[in-house]
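Since every read-out is calculated from the coordinates, none of them should be taken as a lab result. This one's a predicted model, so the numbers in the text were calculated from it and none came from an experiment. Here Cβ is always computed from backbone atoms with ideal geometry, including for glycine, and neighbour counts include all displayed protein chains.
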Amino acid sequence: MQSDIYNRKLKFVVLGSGTSTGVPTISCKCPTCLSNDPRDKRLRTSLLVQSPNTTVVIDASPDFRQQMLQHNVDKLDAIVFTHGHFDHIGGLDDIRAFNYTTKMPMKIFLDKKTFERIKKTFFYIFEEPERSGGGLPLLDVNFIDIEPFTIGDIKFDPLKLHHGTLEVLGFRIENLAYCTDTNNIPDETLRLLCDLEILLLDALRYEKHSSHFTIEEAISVAQRIKAKRTYLIHLAHQVKHSECSKLLPEGVYLSYDGLTLEL
Ligand SMILES: [Zn+2]
Ligand SMILES: [Zn+2]
Ligand SMILES: [Zn+2]
């Protein structure tokens, strides 16, 4: 609906569809890790959100540099964070490249908990520089909670999600919702997920996990939310694309790195 108001298209690219270890996983010889199917090669989870004049990335994965290079992202307006686990913040140091070209700090949008985590993980950013001449990421910190916020011409509606014992953020952007790292979507959030065109939803593996949906749980949540299309993300190496795809009901698909979606 809002696309019409803005009269422009929004593009989304899955920059990474993999869990925290990435796929293939170091030293593993399972069929997925040995697979030649490009859809079984998964960088850590991140999403590019792009309008004709604004480019945003959700989460800075440890593969951030590779993701920016692969997708020719040479201008980035902001990074929005879901939570502070390392697989979602680990690429933060690499924003320096953008700092150098723009001579501006990188805008980041995150909640206070995630900022505390970033301060611990990347402590050196917030200390006195060891030597003059820089080398430290420059950040323009913008705090968010559950109030909608806008970056350029893209509006983000934060979504409260449970990720084990942690409360994390998902985002609704017009008729697409991005819900990574969750094993429980509270009712108040389910109410905000009506009339979706596209849902990107956490589904780690087949076996139960304490902080991620299983494939089966994700399918049942997808059937409750009833987005026109649901793509599963944050996939572990137990999930082989060609085999798991056959088990999914209509309207539910596995995502893969490079998957491009338009609204
Ligand atoms: Zn494996
Ligand atoms: Zn997490
Ligand atoms: Zn994660």
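Observations, loosely collected:
- Rounded to 10°, Cα long-axis angle of helix 215-225 versus longest principal axis of the chain: 90
- Pairwise FRET efficiency - Glu167 versus Phe86, Cβ, R0 = 30 Å, nearest 0.05: 0.95
- Ranked by the mean number of other Cβ atoms within 10 Å of their residues, highest first, the peptides 142-155, 79-92, 216-229, 33-46 fall in the order 79-92, 33-46, 216-229, 142-155.
- As a calculated quantity, the FRET efficiency between Tyr100 and Ser27 at R0 = 35 Å, using C-beta atoms, amounts to about 0.50.
- Against the main long axis of the alpha-carbon atoms of the chain, helix 112-121 sits at an angle near 70°.
- Spatially proximal aspartates and glutamates relative to Lys29 (Cα-Cα < 16 Å; intrachain offsets below 8 disregarded): Asp37, Asp40
- Cross-link pairs beyond the 31 Å C-alpha cut-off, checked among Lys112/Lys155; Lys11/Lys246; Lys119/Lys228: Lys119/Lys228
- Taking a straight line from the alpha carbon of Lys103, these aspartates and glutamates sit under 19 Å away, with near neighbours fewer than eight places off in the same chain left out: Asp74, Asp77, Asp93, Asp94, Asp140.
- From its DSSP helices (H runs of at least four residues, each -39,500 (n - 2.57)), the chain gives a residue-normalised ellipticity at 222 nm of -5000 deg cm²/dmol.
- Pairs over the 31 Å Cα-Cα cut-off, from the set Lys9/Lys41; Lys9/Lys120; Lys75/Lys120: Lys9/Lys120.
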